[in-house]
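Colleague: A single structure is presented below for examination.
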Amino acid sequence: MAKIIIGGPPGSGKSTLMVLMKRNLRDKGINTGLVDLDLASPTLEWLEGAETKEERELKKKPWTNKLARQAKRIFNKESKKRDITLGDSPGKITYV
């Protein structure tokens, strides 16, 4: 099982890159998952058209170490289900 996390500043294309990677890997028959690790400002549902920009804005909150620990737990749990798990992380991720 492989785990890949990408982080960086807002608007730098992290989420777009991860969605494209997920699609490409799945097209090749690889069991791939994508986890939005930015629990303070989720992007993937908006990017994939499941919510509006306004709905996304309402979800935003300050980043905390508690959110970092929660994101780590979610990522580790999800990575057990897939051959490759991609993590879309905020630029503020910390090691916990």
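Colleague: Compute the accessible area per residue over the chain, keeping the other protein chains in place, probe 1.4 Å, unit Å².
Modeller: On the way: 6150 Å² over 96 residues.
Ligands and nucleic acids excluded, the result is 64 Å² per residue.
Colleague: Continuing with the same structure: Given the pairs 61/81; 22/59; 22/80, which are separated by over 18 angstrom at their Cα positions? Please list the in-between numbers first.
Modeller: Details: 61/81 29 Å; 22/59 24 Å; 22/80 16 Å.
Over 18 Å Cα-Cα: 61/81; 22/59.
Colleague: Quick one: which residues, 5+ away or cross-chain, put their amide H under 5 Å from the amide H of residue 3? H built at 1.01 Å from N.
Modeller: Hits under the 5 Å cutoff: 85.
Colleague: Let me ask something else. For the chain, give the percent of accessible area contributed by carbon and sulfur heavy atoms, probe 1.4 Å, rounded to a whole number. If you can, show how the numbers build up before the last one.
Modeller: Numbers: 3360 of 6150 Å².
Here it works out to 55 percent.
Colleague: Next question, about the same structure. Quick one: if you stick a label point 7 Å off each Cα along the C-beta vector at residue 2 and residue 65, how many nm between them?
Modeller: Label at residue 2, label at residue 65, 3.3 nm between them.
Colleague: Right, next: Any idea what log10 I(q)/I(0) is at q = 0.11, 0.21, 0.22 Å⁻¹ for the chain, Debye with uniform C-alpha scatterers and no solvent?
Modeller: The Debye formula, applied to the Cα set alone, gives -0.30, -1.10, -1.18.
The values are calculated or read from the model by the stated rules, or taken from the named source; none is laboratory data. Bear in mind that the values here come from a model prediction, so they are computed numbers and not experimental data. Glycine also receives a Cβ, built like all others from the backbone with ideal geometry; neighbour counts cover every protein chain displayed. Note: areas computed on protein heavy atoms with side chains; ligands, DNA, RNA excluded. Shrake-Rupley method; radii C 1.70, N 1.55, O 1.52, S 1.80 Å.
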